[in-house]
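Here is the structure we will look at.
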Amino acid sequence: AQSVAQPEDQVNVAEGNPLTVKCTYSVSGNPYLFWYVQYPNRGLQFLLKYITGDNLVKGSYGFEAEFNKSQTSFHLKKPSALVSDSALYFCAVRDGASGTYKYIFGTGTRLKVLA
Amino acid sequence: NAGVMQNPRHLVRRRGQEARLRCSPMKGHSHVYWYRQLPEEGLKFMVYLQKENIIDESGMPKERFSAEFPKEGPSILRIQQVVRGDSAAYFCASSPNTNTEAFFGQGTRLTVV
């Protein structure tokens, strides 16, 4: 069965410092991996995805993520955090080979960027 | 191209009433997903539909909940005889195929009083 783990409920980082939000996954086939961000009382906004190709994926607002197959991880990163990056971040996985097209989401990590 | 449109944004129902949540996918999108989010929690998958077909309803409660995506018109998530535990934010997402990301609507916040 598909699953996603976001081990940190909250990550605090100072403005201007690099940030990392962790995600590990479990699927039976090839993983399709996604990061979404949610601001208060809003829907989810797509940030980036990994389907195939380069392990380092670049997305919106300066975010990037690295797919690591051996560690089954897809950590979200940004070189220099902004206060406006403060939000709830969700990692999601779909099993590309099983025919199961639903997205399974992690429990979310709240990012707080301190000025 | 308008985004995924959900209405109403807020819905208040008394216990025992019916709630009907609507989702209009983005133009050209034939895949629709419904998710439920409880306060301070992640998104729980409910159902995945393509036009006129339910593909995966493994996350739907067996009773009181139903979903449809007719050939014409929006997708509807219907909750009959609502209870307080149904209070949550319900999000709809759509995609044009199974190889791209899904785009989410703003959600419908259901409150059962």
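The values are calculated or read from the model by the stated rules, or taken from the named source; none is laboratory data. Just so it is clear, the model here is predicted, and its values are computed rather than measured. Backbone-built Cβ (ideal geometry, glycine too); neighbour counts: all protein chains shown. For the accessible areas, the whole protein counts, side chains as well, though only heavy atoms, and no ligand, DNA or RNA atoms are used. Shrake-Rupley method; radii C 1.70, N 1.55, O 1.52, S 1.80 Å.
Under the condition of being of a type in the set (A, V, I, L, M) and open to solvent by 60 Å² or more (accessible area, probe 1.4 Å), which residue from segment B:39-66 is farthest from the other protein chains (Cβ to nearest Cβ)?
Here the answer is B:Ile54.
Does A:Glu15 count as in contact (Cβ under 8 Å) with a residue 40 or more places away in the chain, more than 28 Å from B:Ala89 (Cα to Cα), open to solvent by 50 Å² or more (accessible area, probe 1.4 Å) and of a type outside the set (A, V, I, L, M)?
Answer is yes for this residue.
If you check every pair at least six apart or on different chains, which have Cβ atoms under 6 Å apart with a residue in segment A:34-52 that is within 16 Å of B:Thr108 (Cα to Cα) and free of Cβ contacts under 8 Å to residues at least 40 places away in the same chain first and a residue that is open to solvent by less than 60 Å² (accessible area, probe 1.4 Å) and among the small types (Gly, Ala, Ser) second?
What qualifies is A:Gly43/B:Gly105; A:Gly43/B:Gly107.
What strands (runs of 3 or more DSSP E), lying completely within segment A:1-76, carry at least 2 residues that are of a type in the set (Gly, Ala, Ser)?
A:3-5
Just to check your reading of the model, which residue among B:Arg13, B:Arg84, B:Arg109, B:Arg20 is under 14 Å from the mean Cα position of the chain (by Cα) and open to solvent by 60 Å² or more (accessible area, probe 1.4 Å)?
Just one listed residue meets the conditions, B:Arg20.
Would you be able to say whether some residue in segment A:96-103 is surrounded by 16 or more Cβ atoms within 10 Å (Cβ to Cβ), among the hydrophobic types (A, V, I, L, M, F, W, C) and within 14 Å of chain B (Cβ to nearest Cβ)?
The answer is no; no qualifying residue exists.
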